[in-house]
1. Could you count how many Lys pairs in the protein assembly as shown have their Cα atoms under 18 Å apart, skipping same-chain pairs fewer than 8 positions apart?
2. Quick one: with label points 7 Å out along Cα→Cβ, list the inter-copy distances for B:Gln11 in nm, shortest first?
3. So what's the back-of-envelope 222 nm ellipticity for chain A, counting only DSSP H runs of four-plus at -39500 (n - 2.57) apiece and dividing by all residues, rounded to 500?
4. Using a label position 7 Å from Cα in the Cα→Cβ direction, what is the ascending list of nm distances from B:Phe131 to the same site in the other copies?
5. What span do the alpha-carbon atoms of region B:94-143 cover on each of the three principal axes, reported in whole Å from largest to smallest?
6. Report the label-to-label distance for B:Thr113 and B:Ala72 in nanometres (one decimal), using points 7 Å from each Cα along the Cα→Cβ vector.
7. Would you work out if the protein assembly as shown is rounded, prolate or oblate? Take a ≥ b ≥ c from the square roots of the eigenvalues of the alpha-carbon gyration tensor; rounded if a/c is under 1.5, else prolate when a/b is larger than b/c, oblate otherwise.
8. What are the residues whose amide H is under 5 Å from the amide H of A:Cys51, where those residues sit 5 or more places off or on another chain and H is modelled from the backbone?
Number of protein chains: 2
Amino acid sequence: MSNPARPDPIQPADDAARAMARALLAVPHAALAYLDPTGGPAISRIAFGLCPNGQPMTLISALAPHFAALKADPRCSVMVGEVSVKGDPLTHPRLMIRASASFVAPDDPDRPTFRAHWLKGHSKAALYIDFADFAFVRLTPESALLNGGFGRAFRLTPADLVA
Amino acid sequence: MSNPARPDPIQPADDAARAMARALLAVPHAALAYLDPTGGPAISRIAFGLCPNGQPMTLISALAPHFAALKADPRCSVMVGEVSVKGDPLTHPRLMIRASASFVAPDDPDRPTFRAHWLKGHSKAALYIDFADFAFVRLTPESALLNGGFGRAFRLTPADLVA
């Protein structure tokens with residue numbers, strides 16, 4: 001039977017958790033949860049990267065369903081973390097970030113910096129990065145949960161995610 | 001500039017799309033989008049498998065945040081599809097399924113069948129499958145979207161997902 005007096009299974013972040021979270025952020029793609037027009041939960045794969053200041057961001061095509069959805073409601077959650085070939089995937093570390101999406105305008109003065117930085121980690125994006133219907137979107141973290149395997153869950157603040 | 005007269009980028013499913021979707025369902029884990037208590041979009045990694053009849057399902061711990069969330073609101077979306085080491089992850093096939101979650105009661109007459117079938121694909125789950133705070137959850141598809149890479153998106157019905 002489950003124990004009604006069990007402690008909160010999620011611990012505050014320590015240095016090891018912060019280091020693991022930052023390592024997980026160095027991936028080129030993520031899963032994105034967002035709200036569809038009915039308010040139901042939807043999911044997509046997104047390209048994922050960091051601004052030069054460590055802020056998460058993505059590059060989205062207007063053809064993707066989450067483009068219009070995030071314009072209508074900026075609330076989203078992002079999950080990063082690869083699954084290794086071996087072992088139970090539920091024991092492989094992953095980081096879930098609750099975030100708010102904000103679109104970067106084509107004439108935003110920061111866009112050239114974002115563009116140059118993005119191409120370092122996503123060289124194949126050179127094929128479409130300048131298409132008029134692609135946009136950079138900042139994903140401003142509000143909170144995060146690191147799951148490092150069974151019994152190893154940590155709450156993180158936005159500051160914990162930035163080195 | 002984007003073309004205001006561009007056609008719907010999502011095509012109806014054909015046999016190749018159905019075969020690709022069914023192949024993607026043969027994975028042991030998935031990403032799950034669900035609603036948190038505020039109605040915002042949340043995301044988790046879940047174990048993923050099929051019932052003997054081909055119906056998607058998962059096995060969830062009561063410690064996972066999506067356990068209580070899916071009990072409160074069964075709407076969810078599931079994404080399956082591995083990312084290969086090479087190439088742009090946005091060109092790797094993935095399947096997004098809009099689904100409704102229904103918990104399988106511990107005394108459900110189908111549970112022994114689900115349990116035996118689940119362990120064939122998730123042998124490490126033998127460690128916890130019988131814990132009282134783990135539950136099987138059926139994920140009944142309502143619709144699905146297959147993204148097989150740029151320009152290769154297909155709408156699928158629940159029937160398309162079952163061989």
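Read the figures in this text as sums done on the coordinates, not as results from a lab. What you are looking at is a predicted structure, and each value in this text was computed from that prediction instead of being measured. Virtual Cβ from ideal backbone geometry, glycine too; neighbours counted across all protein chains shown.
1. Here the count comes out as 4.
2. 5.1
3. Calculated mean residue ellipticity at 222 nm is -5000 deg cm²/dmol.
4. Nearest first, the other copies' label points are 4.4 nm away.
5. The Cα atoms of region B:94-143 stretch 32, 24, 19 Å along the principal axes, largest first.
6. Distance between the two pseudo-spin positions: 3.3 nm.
7. Here the protein assembly as shown falls in the oblate category.
8. Amide H neighbours of A:Cys51: A:Met57.
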